[in-house]
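The values are calculated or read from the model by the stated rules, or taken from the named source; none is laboratory data. In this text the structure is predicted, and so the values were computed from the model without any measurement. Reconstructed Cβ throughout: ideal geometry from the backbone, glycine too, with neighbour counts over all protein chains shown. In case anyone asks, the SASA skips ligands and DNA or RNA and just uses the protein heavy atoms, side chains included. Shrake-Rupley method; radii C 1.70, N 1.55, O 1.52, S 1.80 Å.
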Amino acid sequence: MAFPAQRLRRLRRTPALRRLVAETRLGVDDLVAPLFVREGIDAPVPIASLPGIVQHTRESLTKEVRELAELGVPGVVLFGIPAARDATGSAAWDPDGIVQLALHDLRDEVGDRVVLMADLCLDEYTDHGHCGVLDAAGQPDNDLTLDLYARIAVAQATAGADVVAPSGMMDGQVAAIRTALDGAGLPSTAILAYAAKYASALYGPFRHAVDVAITGGEGDRRSYQQDPRNAREALAEVAADVAEGADMVMVKPALAYLDVIAAVRAAVDVPVAAYSVSGEYAMLKAAAERGWIDGAATALELTLAVKRAGADVILTYLARELAEALHG
Ligand code: PBG
């Protein structure tokens, strides 16, 4: 019997051989932790659909970021939950809004050791739950919303954000924000554009986390977030954002859009981020809790897949536990 021409198993024989030839290496440096900070609470509030993740107080947030810094996690992205909401989401750009206060705290606490990113959107701040101010049809008015995003960007950058991350999927948002930042004398603040953001069912637990129910319009974001059936459109979104001045672009969600991550990686030279969203985490945790899968092993494998697809930066609720495991 003829031997096969290639013996692929040779390089799989020992752990050291496997380590030597591994193509993809997931490290702590790849990770960004999404964190929630809520106004008007005196103790952290657990989020039922995101086990292990909480709505932080300013104090508990500061402690968490200090610990993430000690673990070597290079970045965090903040989401605010205001005490009061209104039609335009004005708490989002209030200098005393919860995210701005938290950014000041964190800058004082960790200096430049951790990249401070701020999600830049209105849905956590509007009483109707949409990502912009509504037009007569109950959908976000694109250009009126851009003016508000510009204000939020300046407020977040002034409060200490290294990176602002617009996630509202309004056309022209990156250009509007870049112009506003430069005009306010904040040319060093970078923009991580949620460029290819899909209208996904996987955001469910996040909406519990920030107490958002979409009441305006049709009750979903399909008039501004991307249709999951479309991949080519993602490249048009990414090209537009890069042309408008995005420093990094993001694909979101991650796991169900690995093809999009790979296509975006091949199409642009800027760093590509991927957001492993709340539903991805919730599915993993729920199955692990039932003993149906090995949670720790699956967490590593799924995150590795996002890296292998081409992500340079991975936003994941697993950041802390992966950092602990990778140090392990
Ligand atoms: C919008 C925003 C959302 C997420 C991040 N930024 C929610 C949405 O578009 O409805 C979802 C993140 C997640 O599910 O983990 N501010």
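Structure notes:
- Rounded FRET efficiency, nearest 0.05, which uses the C-beta distance separating residue 321 from residue 186 and R0 of 35 Å: 0.55
- Against the chain, whose longest principal axis comes from its Cα atoms, helix 258-267 is set at around 80 degrees.
- As a calculated quantity, the FRET efficiency between residue 24 and residue 231 at R0 = 22 Å, using C-beta atoms, amounts to about 0.50.
- Distances between placed amide hydrogens fall under 5 Å for residue 134 paired with 141, all partners being 5 or more residues away or on another chain.
- For the chain, the share of DSSP beta bridges that are antiparallel, to the nearest 5, is 10%.
- Our summary gives the range 139-262 a relative contact order of 29 percent, counting only alpha carbon pairs under 8 angstrom and 6 or more residues apart.
- Helix 98-110 and the longest principal axis of the Cα set of the chain meet at an angle near 50°.
- Highest to lowest packing among 159-165, 265-271, scored as the average C-beta count within 10 Å: 159-165, 265-271
- Placing a pseudo-label 7 Å from each Cα along the Cα-to-Cβ vector at residue 42 and residue 67 gives an inter-label distance of 2.2 nm.
- Net charge of neighbours whose Cβ lies under 15 Å from the Cβ of residue 267, counting Lys and Arg as +1 and Asp and Glu as -1: -4
- The C-alpha atoms of the chain define a longest principal axis, and helix 142-159 lies at about 80 degrees to it.
- One way to sum up the overall shape of the chain is the equivalent ellipsoid from its Cα gyration tensor, whose semi-axes run 34, 23, 20 Å, largest first.
- Most mobile of 175, 137, 263 in a GNM of the chain (Cα contacts under 10 Å): 137
- Å² per residue, accessible surface of the chain at 1.4 Å: 45 Å²
- Euclidean distance between Cα centres, the range 263-281 to the range 151-228, Å: 15 Å
- Once the Cα-Cα distance is subtracted from the 0.36 nm per residue extended length, the residue 109 to residue 141 segment shows a gain of 7.7 nm.
- Mean separation of Cα contacts under 8 Å, 6 or more apart, over the residue count of the chain: relative contact order %: 18 percent
- Under 20 Å from the residue 247 label point (7 Å along Cα→beta-carbon), backbone N, the range 300-328: 311-316
- Here the Gaussian network model covers the chain, with springs between Cα atoms less than 10 Å apart; of 42, 105, 123, 42 fluctuates the most.
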